[in-house]
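Undergrad: This is the structure I have questions about; it appears just below.
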Amino acid sequence: MSDTLRIGLAGLGVVGGGVLKLLEQQGGLLESRSGQRLEVVAVSARAQTRTGGPDISSLKWYDDAAGLAEDADVDVVCELIGGSDGIALQLSKAALQNGKHLVTANKALLAHHGNELARLAEETGVHLGYEAAVAGGIPIIKALREGLSGNSFSGVYGILNGTCNYILTEMRDGVRAGKPRNFDIVLKEAQELGYAEADPSTDVDGVDAAHKLALLTSLVFGCPVDFDAIQIEGIRHINVLDIEYAEELGYRVKLLGVSRAGAAGIEQSVHPCMVPERAPIAHVDGVLNAVVADGDFVGTTTFEGPGAGAGPTASAVVADLVDISRGLVLPTFGLPVSSLNARPKAPPGSHVGSYYIRLMVVDRPGVIADIAACLRDQEVSVESLLQHGRNPDEAVPVVLTTHMAEEKALANALAAMDELGAVLETPRMIRIVNL
Ligand SMILES: NC(=O)c1ccc[n+]([C@@H]2O[C@H](COP(=O)([O-])OP(=O)(O)OC[C@H]3O[C@@H](n4cnc5c(N)ncnc54)[C@H](OP(=O)(O)O)[C@@H]3O)[C@@H](O)[C@H]2O)c1
């Protein structure tokens, strides 16, 4: 075995810069742990000039990142550029085809091309590491693929997007402090603080969480990655009223990615959920992430930690590099690609659960009876009803929670309510999850 693992680093932004710094600062520690020196020998980014961080002027430079995959002096390519297609895909495929190990933090790439990349890695006998792609610094890939490999799983779920969790936490803190702020205002603050991108849609519309969920689902259920099977709903429509009612009802609103095996197949969804206040995940706040896995022998295990940022993400990337230097080559999704078993997906609307419904109504006699009739017609029974104050001149919120019902029936009931003249805004529904 060579005394050096030679790394080609593509992307020198938040994550790439963090990896350079970690490798420089922890060089001796990493060498003693892995038995090899982890050395960056070549780099690529759009701009060759970097300010701050380790000096890269002595390293081989590639204007075209794909050159790293052809470089005979590179053993492992780190793809830290981003994007599901384009150069990230081209580089990743070329690296694997050329027998180089690949480490990536790119969940979008793997959610869309993970099956193909896993097959390529297997064909050339190299390792595809993606610890940083899911929940940043939390070593959840290692935990599921190795530490919990003795278990069959009934499900996995988690808070998979720090931006959304930060916004929802801030909205709740505002309510508690008697200074309620709506989504748009908190989003703007998050952007100013650097917790949300200028274009926040991938985060707040739930797509980023869904990318990560697709990978977790494949790992726990031994099935190919199937991003298109995920029902995705983001947090833009969460109103501060919903946060207030959640408080009153003993819940917290969290954006959860949930993957469960049921009689109808595997159900994968990203949704805002009402989580009971007593559940451990309800207390994972701010930019933190958490993943919960239900295994048959181990029981329920919860992992919590920082989901993003230069340090945590670099920590995960380097853990993959150490694995590679130790000679670890594992099936990408826990099974050889030929053994990944496409499981039936639960039909849309087949989810069974209880729900929170908020309506904005004109408060006149008979309204509640009409709303109740919409639910009765779909055989959905009401668990509780809240209406504070009365004002015949303007819309007032009416909040209901239901007993267990099929989501299809609930959707039909909401559509019927939307037709009622006294219901002034589109009815809002949030799933209640009993964890
Ligand atoms: N940031 C996080 O906390 C975090 C957490 C987990 C996973 N990730 C994932 O890590 C990856 C990188 O994210 P990041 O936050 O580090 O992004 P970033 O700060 O925007 O950095 C991206 C880097 O890629 C370079 N790049 C862009 N186009 C390129 C091209 N065509 N050829 C070569 N280099 C190119 C950029 O070059 P210039 O510097 O010249 O612009 C920049 O150095 C993404 O897949 C992201 O989803 C990020």
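What follows is calculated from the coordinates using simple rules that are stated; it is not laboratory data. All of these numbers come straight from a predicted model, not from anything done at the bench. As a convention, Cβ positions derive from the backbone with ideal geometry for all residues, glycine included, and neighbour counts pool all protein chains shown.
Undergrad: Zone of Glu39 (label point 7 Å along Cα→Cβ, backbone N under 14 Å): which residues in segment 50-80?
TA: Only 58-60, 73-76 pass the distance filter.
Undergrad: Only bridges whose two residues both fall in segment 4-133 count here: according to DSSP, what percent of them are antiparallel, nearest 5? Working shown, then result.
TA: On the way: 0 of 20 bridges.
Counting only bridges with both partners in segment 4-133, antiparallel ones make up about 0 percent.
Undergrad: Could you compute the net charge surrounding Tyr355? Neighbours are other residues with a C-beta less than 14 Å from the C-beta of Tyr355; K and R count +1, D and E count -1. Walk me through the numbers on the way to the answer.
TA: Numbers: positive: Arg358, Lys408, Arg428, Arg431; negative: Glu233, Asp242, Glu379, Glu383, Glu406, Glu407.
That works out to -2.
Undergrad: Given springs between every Cα pair under 10 Å in a Gaussian network model of the chain, which of Gly262, Gly194, Gly114 has the largest fluctuation?
TA: Gly194
Undergrad: Give me the percent relative contact order of segment 279-430, please, defined on Cα pairs under 8 angstrom at least 6 residues apart. Present the calculation step by step, with values, prior to reporting the outcome.
TA: Working: 193 pairs, mean separation 34.2, N = 152.
Computed value for segment 279-430: 22 percent relative contact order.
Undergrad: If you project the alpha carbons of segment 188-329 onto their three principal axes, what span does each projection cover, largest first, in Å?
TA: 53, 43, 30
Undergrad: Can you put Ser152, Ser269 in order of Cβ neighbours within 10 angstrom, beginning with the fewest?
TA: Ser152, Ser269
Undergrad: On to the next question. Would you list Val329, Val19, Val337, Val204 from fewest to most Cβ contacts within 10 Å? It would help to have the intermediate numbers written out before the result.
TA: Values: Val329 13, Val19 30, Val337 18, Val204 23.
Ordered by Cβ neighbours within 10 Å, fewest first: Val329, Val337, Val204, Val19.
Undergrad: Check the straight Cα-Cα distances from Lys188 and name the aspartates and glutamates below 15 Å, setting aside those fewer than 8 residues away within the same chain.
TA: Hits, sequence-local ones excluded: Glu170, Glu197, Asp199, Asp203.
Undergrad: I need to check one value: relative contact order of segment 63-199, counting alpha carbon pairs closer than 8 Å and at least 6 residues apart, in percent. Mind dumping the intermediate values first?
TA: Numbers: 156 pairs, mean separation 21.1, N = 137.
Worked out over segment 63-199, it gives 15 percent.
Undergrad: Mind scanning Lys107/Lys254; Lys60/Lys212; Lys345/Lys408; Lys142/Lys254; Lys212/Lys408 and naming the pairs with a C-alpha gap bigger than 23 Å?
TA: Values: Lys107/Lys254 21 Å; Lys60/Lys212 33 Å; Lys345/Lys408 16 Å; Lys142/Lys254 25 Å; Lys212/Lys408 26 Å.
As for pairs spanning more than 23 Å Cα to Cα, those are Lys60/Lys212; Lys142/Lys254; Lys212/Lys408.
Undergrad: Given Cα pairs under 8 Å that are at least 6 residues apart, what percent is the relative contact order of the chain?
TA: On the way: 950 pairs, mean separation 71.6, N = 435.
Once divided by the residue count of the chain, the mean separation gives 16 percent.
Undergrad: Taking the dipole about the Cα centre of segment 1-101, with the C-beta of Lys and Arg at +1 and of Asp and Glu at -1, give me whichever of Ser32, Ile87, Ser57 is farthest to the positive side.
TA: Ser32
Undergrad: Along its principal axes, what span do the Cα atoms of the chain show, with the longest given first and each in whole Å?
TA: 81, 46, 35
Undergrad: Moving to a separate point now. Identify all aspartates and glutamates with a Cα-Cα distance to Lys93 below 13 Å; exclude those on the same chain that are fewer than 8 residues away in sequence.
TA: Output for Lys93: Glu70, Glu79, Asp85, Glu116, Glu122, Glu123.
Undergrad: In Å, what is the Rg of the alpha-carbon atoms in segment 4-133, and how long is Dmax?
TA: Calculated on Cα positions, Rg and Dmax stand at 13.8, 40 Å.
Undergrad: Can you compute the label reach from Ala395? Point 7 Å from Cα along the Cβ direction, backbone N cut-off under 14 Å, restricted to segment 333-361.
TA: Correct set: 358-361.
Undergrad: Can you give the Kirkwood hydrodynamic radius for segment 7-84, in Å, rounded to one decimal and based on Cα pairs?
TA: Working: mean 1/r = 0.0778 Å⁻¹.
Here the Kirkwood hydrodynamic radius works out to 12.9 Å.
Undergrad: Using alpha carbons only, how many angstrom separate the centre of segment 366-435 from the centre of segment 1-41?
TA: 56 Å
Undergrad: Mind checking segment 292-389 for trypsin sites (Lys or Arg not before Pro) that DSSP puts in a loop (not H, G, I, E or B) and that have at most 14 other Cβ atoms within 10 Å? Write down the numbers at each step before the final one.
TA: Working: sites: Arg326, Lys345, Arg358, Arg376; in loops: Arg326.
In loop regions of segment 292-389 (DSSP not H, G, I, E or B), the sparsely surrounded trypsin sites (Lys or Arg not before Pro) are Arg326.
Undergrad: In nm, to one decimal, how far is the modelled label at Glu248 from the one at Glu406, with both set 7 Å along Cα→Cβ?
TA: In this crude label model, Glu248 to Glu406 measures out at 3.2 nm.
Undergrad: Next question. Lys and Arg at +1, Asp and Glu at -1: add these up for the other residues within a Cβ distance under 13 Å of Glu39 and post the number.
TA: Residues close to Glu39 contribute a combined charge of -2.
Undergrad: What stretch of the chain, leaving out the sites themselves, is the longest with no GluC sites (Glu not before Pro) in a DSSP loop having at most 12 other Cβ atoms within 10 Å? Provide the component values of the computation, followed by the final result.
TA: Details: sites that count: Glu379, Glu394, Glu419.
Longest run free of exposed loop sites: 1-378.
Undergrad: Can you list, largest first and rounded to whole Å, the semi-axes you get for segment 189-230 by taking the square root of 5 times each eigenvalue of its Cα gyration tensor? Display every interim value, and only then the final one.
TA: Working: eigenvalues 157, 18, 6 Å².
Computed over segment 189-230, the values are 28, 10, 5 Å.
Undergrad: Please find, in a Gaussian network model of the chain (springs between Cα atoms separated by less than 10 Å), the residue of His237, His271, His211 whose mean-square fluctuation is greatest.
TA: Comparing His237, His271, His211 in a Gaussian network model of the chain, the most mobile one is His237.
Undergrad: With everything on Cα atoms, drop me the angle between helix 14-25 and the longest principal axis of the chain, reported from 0 to 90° to the nearest 10.
TA: Helix 14-25 sits roughly 50 degrees off the main axis of the chain.
Undergrad: Now for a separate question. Give, as ranges by residue number, the residues of segment 326-364 whose backbone N falls under 17 Å from the point 7 Å along Cα→Cβ of Met1.
TA: Within reach of a label on Met1, which here means backbone N under 17 Å from a point 7 Å along Cα→Cβ, segment 326-364 contributes 326-330.
Undergrad: What is the Cα centroid distance between segment 74-110 and segment 159-193, reported in whole angstrom?
TA: If we compute the Cα centre of each part, the gap is 34 Å.
Undergrad: May I pose another question? Where the centre of each part is set by its Cα atoms, how far does segment 316-363 sit from segment 249-295, in angstrom?
TA: Each part's Cα centre sits 13 Å from the other's.
Undergrad: For a footprinting-style exposure proxy, rank Asp63, Asp363, Asp242 by other Cβ within 10 Å, fewest first.
TA: Details: Asp63 9, Asp363 17, Asp242 23.
Least to most surrounded, the residues fall as Asp63, Asp363, Asp242.
Undergrad: Within a Cβ distance under 11 Å of Leu96, other residues only, what is the Lys/Arg minus Asp/Glu net charge? Could the numbers behind the result be given before it?
TA: Numbers: positive: Lys93, Lys100, Arg119; negative: Glu79, Glu116, Glu122, Glu123.
Taking every Cβ under 11 Å from that of Leu96, the sum is -1.
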